[in-house]
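Beneath this line is the structure, given in structure tokens, with notes to follow.
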Amino acid sequence: MNRFLNVLMVILMLMFISACSQANSNSVAEPEEMLTQKDFITNKVEFYTQDHFRFVEKFTIEGSKAPYTLHFTFVPEVGSAPIKEDIYRSMVDYAWNVNNFFKEIKRYEFQVLWDENVKKEAVGAIMDEEAVRSLNIRYLDLKNAQLGGGDVSYRSFFSNLTESDEAKRWAEKETGV
């Protein structure tokens with residue numbers, strides 16, 4: 001009986017060791033399966049983007065290594081009429097949120113399309129490296145001014161902003177009417 005128990009213990013120990021070594025070999029990814037820093041950032045930011053923007057047309061992160069540039073094309077959700085300040089706010093909020101987690105992104109290029117069927121470019125907006133570097137402080141200053149009842153503008157966050165003739169006719173701010 002003792003011999004049987006000893007053999008059984010050895011068999012169980014060998015099975016346990018085998019199971020442990022298989023678990024360890026399965027949990028360690030091969031180098032080609034491991035995500036690069038860019039892939040990791042792209043996956044996380046793409047998930048965030050799709051979760052917060054309904055009409056994403058194009059999303060890419062460019063660069064072989066940091067610093068990266070994020071290109072983002074979307075159709076804004078608007079009510080009966082587009083209000084440029086709301087669209088600018090959504091882009092600045094987006095860049096600020098992404099930048100809090102991924103400082104490796106040093107440039108944001110937004111392309112706002114109008115009319116989800118025709119997909120004409122209405123607004124092109126860029127935050128260059130200098131604008132991204134000052135984004136955190138400027139954003140918090142703007143939010144404090146907004147809480148204090150001050151008139152704020154998100155337009156100033158962009159280092160380059162182009163509007164189509166159609167976009168130039170959009171309301172700058174909500175009139176309350």
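The values are calculated or read from the model by the stated rules, or taken from the named source; none is laboratory data. Here the structure is a predicted model, which means the values were calculated and not measured. So basically every Cβ, Gly included, is an ideal-geometry build from the backbone, and we count neighbours across all protein chains shown. Keep in mind that these areas ignore ligands, DNA and RNA; they rest on the heavy atoms of the full protein, side chains included. Shrake-Rupley method; radii C 1.70, N 1.55, O 1.52, S 1.80 Å.
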Among K38/K84; K44/K103; K119/K168; K84/K143; K84/K120; K38/K119, the pairs whose Cα-Cα distance exceeds 21 Å are K38/K84; K38/K119
Once the whole set of protein chains is in place, how much accessible area is left on W96, using a 1.4 Å probe, in Å² to the nearest 10? 50 Å²
Sites matching trypsin sites (Lys or Arg not before Pro) across the range 68-157 that sit in DSSP coil, with at most 14 neighbouring C-beta atoms within 10 Å: K103, K119
Could you pull the accessible area for D86 with a 1.4 Å probe, rounded to 10 Å²? 70 Å²
Explain nothing, just compute: Karplus ³J(HN,Hα) = 6.51 cos²θ - 1.76 cosθ + 1.60, θ = phi - 60°, for every residue of the range 85-101 in order, whole Hz, x for Gly and Pro. 4, 5, 5, 4, 4, 5, 6, 5, 4, 4, 4, 5, 5, 5, 5, 5, 9
Low-density loop cleavage sites - GluC sites (Glu not before Pro) in the range 63-133, where at most 14 other Cβ are within 10 Å (DSSP): E77, E116
S164, S159, ranked by accessible area, largest first (probe 1.4 Å): S159, S164
